[in-house]
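Values quoted throughout were computed directly from the atomic coordinates according to the rules given, and no laboratory measurement underlies them. On a predicted model such as this, the values are computed, not experimentally measured, just so you know. FYI the Cβ positions are ideal-geometry reconstructions off the backbone, even for glycines, and counts take in every protein chain you see.
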Amino acid sequence: MTIQEFKELDRTQQIMKFFSGVEVGKFEQDGILTECKQVDDFFVEYKIKITDYYQLGMECHSDTNLLAKYISPNQHIQSGNTGIR
């Protein structure tokens, strides 16, 4: 699947594809919980604005330079410690 094909899926299919991807990392900053997964040969960042009525958004890219924020020891949330159930 390409990024364009992913973007053409409806939101439900995008979310299902996202959750079947390989986890890259997650962090919370300024009330925004961001999780990144590798889907096929690209990355999908899923953002939830916790402070704004749980507003959702997704970004797709293949730029590995944008992944450094997921390995920062000051921002990384260990799996299971997110407080979200």
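Project the alpha carbons of the stretch 3-70 onto their principal axes and report the range along each, largest first, in whole Å.
31, 27, 17
Order of 39-47, 24-32, 6-14 by packing, highest average Cβ count within 10 Å first? Don't skip to the answer; put the middle values down first.
Details: 39-47: 17.3, 24-32: 14.6, 6-14: 11.8.
Descending packing order for the listed peptides: 39-47, 24-32, 6-14.
Short version: ³J(HN,Hα) in whole Hz for each residue of the stretch 14-23, in order, from phi by Karplus 6.51 cos²θ - 1.76 cosθ + 1.60 (θ = phi - 60°), x for Gly and Pro, what are they?
Using θ = phi - 60°, the values come out as 4, 5, 4, 5, 4, 5, 8, x, 8, 5 Hz.
Across the stretch 28-37, in residue order, what do the Karplus-derived ³J(HN,Hα) couplings come to in whole Hz, using 6.51 cos²θ - 1.76 cosθ + 1.60 with θ = phi - 60° and x for Gly and Pro?
10, 8, 6, x, 10, 8, 10, 10, 10, 9
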